[in-house]
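Laboratory data are not the source of any read-out in this text; all were calculated from the coordinates shown. Quantities reported herein were computed from a predicted structural model and do not represent experimental measurements. Methodologically, a virtual Cβ is constructed for each residue, glycine included, from the backbone with ideal geometry; neighbour enumeration extends over all protein chains shown.
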Amino acid sequence: MKLKKLITYITLATLIMGCASSNSGKVVRVDPRKIQDTDANYGSEDLHIFVEKMVDSMLQSPVLNKKPKPYLALGDIKIGVGVDEHIDTVLIKNSIRTNLIKSSKVNFLDSRYLDKTKVITKDYELRGDVHSIKKNTTSTIDNFYALTLILTNIKSSAIVWTEEKEIRKLVEK
């Protein structure tokens with residue numbers, strides 16, 4: 001009798017734990033590039049919009065259409081004063097680098113594996129910043145985001161390319 005109760009308790013505990021850990025709603029996979037704004041905050045849609053604009057603009061630049069292919073390095077993308085939410089700048093940099101490498105127009109150096117005896121050096125460094133301005137009234141949420149990138153020639157310090165992409169989201173309350 002005690003064994004039956006023990007088995008019953010273990011079965012009930014397992015069922016309860018299984019129910020507690022499962023999702024409460026139906027899971028649906030969606031295209032990560034499809035714009036599906038759910039609020040006015042920064043999201044994956046904004047990441048894709050920023051990266052697409054920046055990569056397209058860079059690939060149009062004569063700087064990246066040289067032979068031999070230039071070597072690029074990624075500098076910092078800084079979060080500007082006043083940005084009060086998490087914007088993953090590492091993800092922005094990784095996405096830009098991935099798309100540029102796929103274009104076959106540039107090379108990127110990974111300094112962790114650079115042989116110091118070789119004379120390969122970076123030609124350009126890409127850096128930038130993200131800013132946001134938020135206005136909330138009793139009837140509207142207005143969120144503005146701007147990403148600015150700058151490509152600098154390492155030897156001359158000349159800025160050879162720059163681009164800015166702005167995104168504005170309005171939500172009527």
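Odds and ends about this structure:
- Members of the range 58-98 found to be buried (at least 17 other Cβ atoms within 10 Å of the Cβ), within 19 Å of the chain's Cα centre (by Cα) and in a helix (DSSP H, G or I), listed by number: 58, 92, 93, 95, 96, 97
- Residue in the range 28-42 that is assigned to a helix (DSSP H, G or I), surrounded by fewer than 16 Cβ atoms within 10 Å (Cβ to Cβ), charged (D, E, K, R) and within 16 Å of the chain's Cα centre (by Cα) present: no
- Assessment of the range 143-166 against the conditions (under 27 Å from residue 36 (Cβ atoms), among the charged types (D, E, K, R), out of contact with any helix residue (DSSP H, G or I) (no Cβ under 6 Å at 6 or more places or on another chain) and not in a loop (DSSP other than H, G, I, E, B)) yields at least one matching residue.
- Every residue from the range 120-142 that is more than 25 Å from residue 161 (Cα to Cα) and either of a type in the set (Asp, Glu) or not in a strand (DSSP E or B) (or both): 137, 138, 139, 142
- The range 32-52, subset of a type outside the set (D, E, K, R) and touching a Phe, Trp or Tyr at 6+ places or on another chain (Cβ under 9 Å), residue nearest to residue 165 (Cα to Cα): 50
- Picking from residues in the range 128-173 that are in contact (Cβ under 8 Å) with a residue 60 or more places away in the chain and aromatic (Phe, Trp, Tyr), the one that is nearest to residue 86 (Cα to Cα) is 145.
- Note on the range 32-47: among residues that are touching a Ser or Thr at 6+ places or on another chain (Cβ under 9 Å) and in contact (Cβ under 8 Å) with a residue 40 or more places away in the chain, the one that is farthest from residue 94 (Cα to Cα) is 42.
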